[in-house]
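To start, the structure itself, in structure tokens.
The values are calculated or read from the model by the stated rules, or taken from the named source; none is laboratory data. All values derive from a computational prediction rather than experimental measurement. FYI the Cβ positions are ideal-geometry reconstructions off the backbone, even for glycines, and counts take in every protein chain you see.
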Amino acid sequence: MSTTPRWLDAEERRAWLAYVEFSTLLSDYLNRQLRQEAGVPHTDYILLAHLSELPDQALTMSELAERLKITRSRLTHAVNRLQESGYVERRDDPANRRNQLAVLTEGGRQLLERAAPGHVEAVRRAVFDVLTRDQVRQFAEVGEAINSALQRMDAAEDDQEVLPWRRR
């Protein structure tokens, strides 16, 4: 059965195109800033930041892929790169020998301590300094609403394997 597409109206199209443009520009800006100031891409910084927030600063590779929403293959490449730089170690998971842990090293913690101030300032300049407090609240609410809807759609999928970060 064919249905007529629900085309975007002018305001929805305006919002969508603004999002597409700012998400691309913001990603590029933050990536350049971190490469210049810390020598790592934004994706690696986020990986290290996720590990730093945990009490033991370690997470299984599967859990880390899920949190970062990246494929396990892409995560393996990132962890290998970070391991070669001395920022992450890989260890067997004592709770389940089939799992590997990504563990933040002292070098990784030091990198985050050096990079975080510049990164936070870049985020502030690019996002929060140009928004009013009310817009910041709205921005958070919009992001949370979209994230919740996407998570519900993911949960409703018959085949969870369709999500790249859940592929084995």
Flagged in region 69-85 as free of Cβ contacts under 8 Å to residues at least 24 places away in the same chain and out of contact with any Leu (no Cβ under 9 Å at 6 or more places or on another chain), in numbering order, are SER73, THR76, HIS77, ASN80, GLN83, GLU84
Within region 1-58, residues being aliphatic (A, V, I, L, M), farther than 24 Å from GLN83 by Cα and surrounded by 12 or more Cβ atoms within 10 Å (Cβ to Cβ) number 3
Every listed condition ((1) in a helix (DSSP H, G or I); (2) surrounded by fewer than 17 Cβ atoms within 10 Å (Cβ to Cβ); (3) at pLDDT below 95; (4) hydrophobic (A, V, I, L, M, F, W, C)) holds for ALA65 save (2)
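Within region 52-59, can one find any residue that is hydroxyl-bearing (Ser, Thr, Tyr) and within 20 Å of ARG125 (Cα to Cα)?
Just the residues of region 52-59 that are hydroxyl-bearing (Ser, Thr, Tyr), to begin with: 52.
Then drop every residue that is not within 20 Å of ARG125 (Cα to Cα), which leaves none.
Among the residues of region 52-59, not one is hydroxyl-bearing (Ser, Thr, Tyr) and within 20 Å of ARG125 (Cα to Cα), which makes the answer no.
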Taking region 74-120 and keeping only residues that are buried (at least 18 other Cβ atoms within 10 Å of the Cβ) and part of a helix (DSSP H, G or I), one is left with LEU75, ALA78, VAL79, LEU82, GLY108, LEU111, LEU112, ALA115, HIS119
Restricted to region 121-133 and to residues being among the aliphatic types (A, V, I, L, M) and either surrounded by 13 or more Cβ atoms within 10 Å (Cβ to Cβ) or in contact with a strand residue (DSSP E or B) (Cβ under 8 Å, 6 or more places away or on another chain) (or both), the residue nearest to ALA38 (Cα to Cα) is ALA122
Please tell me if VAL136 is more than 23 Å from GLN36 (Cβ to Cβ), at pLDDT 95 or above and not acidic (Asp, Glu). yes
